[in-house]
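Note sheet for the following structure.
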Amino acid sequence: MTISFQKRHKWMILVPFTVCTLLAILGEWSQFTFIYGISFSLTSLFLLLAVRLFGMWGGLLSAVIAYVAGGFMVTHPVFLMLGILEVIVVGLLLRRYNGRLFCSAAFYWFIIAIPLIIFISNAQYPNDNIDVKLIICIYVVNGLFNALFAEIIHQYMPLRRWSGLSNMKRLPSTINQLLLHLTLGIVMGAFLLNMLVNSLSSFKEASVYAEHTSTEAINTVSKEWSAISSSYAGPLDEVQTRQLQFLIDRYTFPDRYTFSLVDQNHLIVASNQSDLANKHIRPLEKVSLRHINNNLYFLTSNKNENPFKPYTWQDEKFLYKSELVDGSGFFLVSIPLSNYHTSLFDKYFIHFIYMLCFAIAAAIVAMLINRSIARSLQRLAVSTKNLSLKLSQNRTLELPKSSIIEIHSLIANFKHMGGSLLHLFHESQRNTDRLQAQAELLLQSEERLHQLAYYDMLTGLPNRLQFTLQFQELIKKSLGNTSDQLPIAVLFADINRFKQVNDTLGHSFGDRLLQMSANRFMNMNSEACSVYRLGGDEFVFVARYEDESELKKSAQAICDSFNEPFVINGFPLFLTISVGISVFPHDGEDMDKIIRNADIAMYNAKEEGDGCYRFFKPDQEQVIAEKMRLENGLYNALLEDQFSLQYQPKINASSGELSGIEALIRWNHPDFGLVPPDKFIPLAEESGFILEIDSWVFHEACRQNKAWQDAGLNKVCVSVNISARHFYQGNLKEMILTGLQKTGLEPKYVSLEITEGVFMRNIDQVIETILYLRNLGIQISIDDFGTGYSSLNQLQRLPITDVKLDRSFISGITSDDKKSSIVRAIIELVHSMNMKVVAEGIETIDESQFCRELNCDELQGYLFSRPLPASQMEALLAQHKKS
């Protein structure tokens, strides 16, 4: 049903209404001229579309706006009245005959508009010689064309979705309607295209004829005048003027065109129209002319009070101008366009008759095609109605027959489908019995599925999904119940060094550890504190409390639950757990915020020490954000050359000479400035980007050392720190060989410093890699010895060249007898295995002297030199060379 415009008050209706109105205004301004002065307008197309979308009142309002905006100078008031009347009549008919837009418009034009046009023409302009038949044909075809395409656009384009009128129902289309639209659209479109082509060709024919007529008349008069005017000189006198007038009257045709001689002052000297003689004309330069070709012009006039008489037949004309040889004036021939009135009108009237015949023939053909196609389809629709019911009752299907292959195939498919459905009915009955038997099994499986969905299969604890649902429910209750405002705390717990246990002892060992941890947590579980496993080694506790001291007790109890070692397969394992606490609503107003803040607090607890808990603090978020920025900036740092190397010398303990240098990386961040290595190296280790960083450091250190050697400086060994990841994930051998080949540095001038963490995994692979490197001539050094996990047995097996004592052993060595005894024992042990000892972190003279007394081989520290840029290190190398 068409929605009444008065009832559409929603703002969305304004957009499609405005579009329709603007298109109607554009059609009013941009009319197409087919037959000189007879225009073809698309205005009513958009107005009828507005009637179809917004009802009669909406279309009427759009029509008034369009015609007012178009102006009365564009369209005659008579046709404004006819256009508005069309909107009213079609709108009223659509209320009674919904969806019959084209038929309603045809009723209006044939029953109302044509008699009204004839009446107005005879009553108002009885004396004008007008071919009303052609005018009526043109405007009726214009109106029917617009109505047809308005109906096609409305029926087959998704205007409801575009216009916001999605609640309007689009009437279904029949095949007959579709064929009728298609055939009439093709006929009328082809006709209008033919009219446009004929109009252009007719105008060209008329202009050629006008030019020929004008040229012939001017040549004849000019030739005769030249014969009798050779004895005259100067301006024309009265006798010469009469002679010229005689020639013009004799050789021109005043009933067909106007022939005039005009002097330089634009005075008509002689003319075949006696009333024009001795009159002035406007200069042609000041007249609105359209140049056609050569000396031929077209004069247009827009003034016409008769709407049924195109102004061109009476006012428009061809003008031909030919200058005199002596320049004293020019001949002007004016040929009215009305000369071609009768022949062109008869020609186009015949075209309209042809179009009408073709339209009737097309409609008949469409009806015959529809009868052939639709009858079989209708019978098929009746036969297959309630198909499932008929098949279930074993009723015989009486399907129609058709000679059309596609419809015959459709009928055959329905027949085959009917047999298949009948088989399916019997099969479904058997399946029903099976389903009833399986229903009990499904009920039994439901509990199992619930367990899988809401509980962790490894530990039996509630999983992440159940935690999410229950925590959101707690938040919802807290926000909706003012009497229950107890804070909700989330305690995020993470087992420290769990990944290390998993990697070294195996996943089955790690799974057993998680199960035993979950059992300890479940023993703590209560109504006030629930525990969940999110995944991996992450556990979450949710607690409601009245006093913060209760929450602290719960957090401490979680930490204390790991005081006892875990005994797995007879192997005692001492571990700790870190806990981060975030409270709703103090630390966040939604679940994601609370969990994230608890996670941040947990990482803060890990940094401050194992086996403790920490509450979330707002400033921690900034620290984590800074950490993430640093981690994300590592890649750009390598690409944008933000990394640089500094070099710290090693001093021979006995001679005091420079015996080696260590390459140390530095990062000059564009925002944070100089970032300490202890801040970004752990981030690089975690992300795995340390592999790329180490590769760059190795290549740059080798390149710089080779450059110094080529400059004639002392050849010393450069030490480069290598991550343990290279032994498990990276291609260490390829990296070393590539760096040495590209830089040309001899392997004996390179030392790789590795930490004791290298020996934690796959010791056989590590030994094989170190042996390969030693065979190349590269030196291997154990960095930070005494702080890791290496054993004497491993040191004995490896071809290590030197061991570096960590700064923690050197600091305070002169005052701490126990520490000095340990260092002495380590030095003696290392020397016994034919390795050198390097003491790093020497900052005082006493520490230097003490290490010399303990027979350390090399010393390194701020006492001798801080890490230096390459330029300063070069100067230091040069100084030692001179000494």
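General observations
- Which of Glu440, Glu858 is most accessible, then next, and so on - probe 1.4 Å: Glu440, Glu858
- Radius, Kirkwood style, for the range 437-551 when every pair of distinct Cα atoms is counted (Å): 16.2
- Long pairs among Lys499/Lys627; Lys499/Lys679; Lys477/Lys606; Lys748/Lys819; Lys553/Lys606, criterion Cα-Cα beyond 25 Å: Lys477/Lys606; Lys748/Lys819
- Percent accessible area from carbon and sulfur atoms, the range 712-779, protein chains only, probe 1.4 Å: 45
- When only alpha carbons of the range 589-646 are considered, Rg and Dmax amount to 15.3, 48 Å.
- Equivalent-ellipsoid semi-axes of the range 797-883, from the Cα gyration tensor, Å, largest first: 25, 17, 11
- In whole percents, the pair-distance distribution calculated for the range 516-574 from its alpha-carbon pairs, binned every 5 Å from zero, is 4, 15, 27, 23, 16, 8, 4, 1, 0.
- Rg to Rh quotient for the range 632-747, alpha carbon positions, Kirkwood Rh: 0.99
- Kirkwood hydrodynamic radius of the range 572-692, from inverse mean 1/r over distinct Cα pairs, in Å: 17.4
- More than 18 angstrom apart: percent of Cα pairs within the range 540-595: 48
- Against the empirical 2.2 N^0.38 Å (N residues), the range 512-638 has a Cα radius of gyration ratio of 1.18.
- P(r) of the range 719-772 over all Cα-Cα pairs, binned every 5 Å from zero, in whole percent: 4, 17, 30, 27, 14, 6, 2
- For the set Trp57, Trp696, Trp225, the ranking by accessible area, highest first and with no ligand, DNA or RNA atoms included, is Trp57, Trp696, Trp225 under a 1.4 Å probe.
- Pairwise Cα separations in the range 735-883 fall into 10 Å bins from 0 onward with the following percentages, short to long: 10, 34, 34, 20, 2.
The values are calculated or read from the model by the stated rules, or taken from the named source; none is laboratory data. Only a predicted model underlies this, so the values are computations on that prediction, with no experimental measurement involved. The accessibility values were calculated without ligands, DNA or RNA, using every heavy atom of the protein model including side chains. Shrake-Rupley method; radii C 1.70, N 1.55, O 1.52, S 1.80 Å.
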